[in-house]
Amino acid sequence: ANPLGYPTMQSLKVSSRLDGVGVNVFGSASKKKSLVLELQAPGLANVVKLEQIGKALLGERCFIGWPYLNESTICAVSDRTGSFGARGFVGHSNPSAWENEADRCIDRYLEKHGVDVGEASFFVHVRDCVEMTSMPDGSIEKHFSD
């Protein structure tokens, strides 16, 4: 098992390729081919429903911002049809907005990190850990964003 909060690719199914995707390095796109990591999809989109994923993940701790991982807590899960959070399922009023945001996220990871995440079927929405307070008894209390 991998230690929580440490970036590792041992738990992911990945492959690599050389591709001229123009990875943004120091503010400008690379002109030559870059090593691109391809994440292999687990194939859950047609098997698992949004409500099942939401019930399993809501309130769980996760780490975001690979490769510099920050602790967060999961507050909602969304797909093309809507989102599932603390209030249950809420449908999207504009599904094309979700698809546009998904495309932007996929492109951002490819252009900034050289990681091809493939198709996005679900998104996990999180609240970032913004502060840790030491309590008088020596314990640490974590505060998450709204």
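The values are calculated or read from the model by the stated rules, or taken from the named source; none is laboratory data. Fair warning: this is a prediction, and the values are worked out from it, not measured in the lab. In this analysis, Cβ positions are derived from the backbone assuming ideal geometry, glycine residues included, and neighbour counts consider all displayed protein chains. Note: accessible area is taken over every heavy atom of the protein model, side chains too, but ligands, DNA and RNA are not part of it. Shrake-Rupley method; radii C 1.70, N 1.55, O 1.52, S 1.80 Å.
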I'm trying to understand the selection: among the residues of segment 59-70, which are over 19 Å from K13 (Cα atoms) and either in contact with a helix residue (DSSP H, G or I) (Cβ under 9 Å, 6 or more places away or on another chain) or at pLDDT 90 or above (or both)?
G59, E60, R61
Selected residue (only one of W66, W98 is surrounded by 11 or more Cβ atoms within 10 Å (Cβ to Cβ), in a loop (DSSP other than H, G, I, E, B) and not β-branched (V, I, T)):
W66
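Step by step: first the residues of segment 69-92, then only those that are in a loop (DSSP other than H, G, I, E, B) and under 17 Å from C105 (Cβ atoms), then the one that is least open to solvent (accessible area, probe 1.4 Å). Which residue is that?
The first filter runs over segment 69-92 and keeps only residues in a loop (DSSP other than H, G, I, E, B), leaving 69, 79-81, 86-87, 92.
Filter once more, so that each one left must be under 17 Å from C105 (Cβ atoms): 79-80, 92.
Values: D79: 22, R80: 98, H92: 61 Å².
Taking the candidates together, the pick is D79.
Could you check segment 32-58 and list, in sequence order, the residues that are in a loop (DSSP other than H, G, I, E, B), open to solvent by 60 Å² or more (accessible area, probe 1.4 Å) and modelled with pLDDT of 90 or more? Steps first, answer last, please.
Our first condition is that a residue be in a loop (DSSP other than H, G, I, E, B); within segment 32-58, this holds for 32-33, 40-49, 58.
After this cut, where a residue has to be open to solvent by 60 Å² or more (accessible area, probe 1.4 Å) as well, the list is 32-33, 40-42, 44, 46-47, 49.
K32, K33, listed by residue number.
Of the residues in segment 102-112, how many are open to solvent by 80 Å² or more (accessible area, probe 1.4 Å) and either within 18 Å of S83 (Cβ to Cβ) or touching a Pro at 6+ places or on another chain (Cβ under 9 Å) (or both)? Outline the logic, then answer.
So the first thing to find is which residues in segment 102-112 are open to solvent by 80 Å² or more (accessible area, probe 1.4 Å), and the list is 103-104, 108, 111-112.
Those still in the list that are either within 18 Å of S83 (Cβ to Cβ) or touching a Pro at 6+ places or on another chain (Cβ under 9 Å) (or both) too: 103-104.
Here the count works out to 2.
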Just to be sure I understand, how many residues within segment 11-24 are in contact with a Ser or Thr (Cβ under 9 Å, 6 or more places away or on another chain) and either exposed (fewer than 12 other Cβ atoms within 10 Å of the Cβ) or acidic (D, E) (or both)?
2
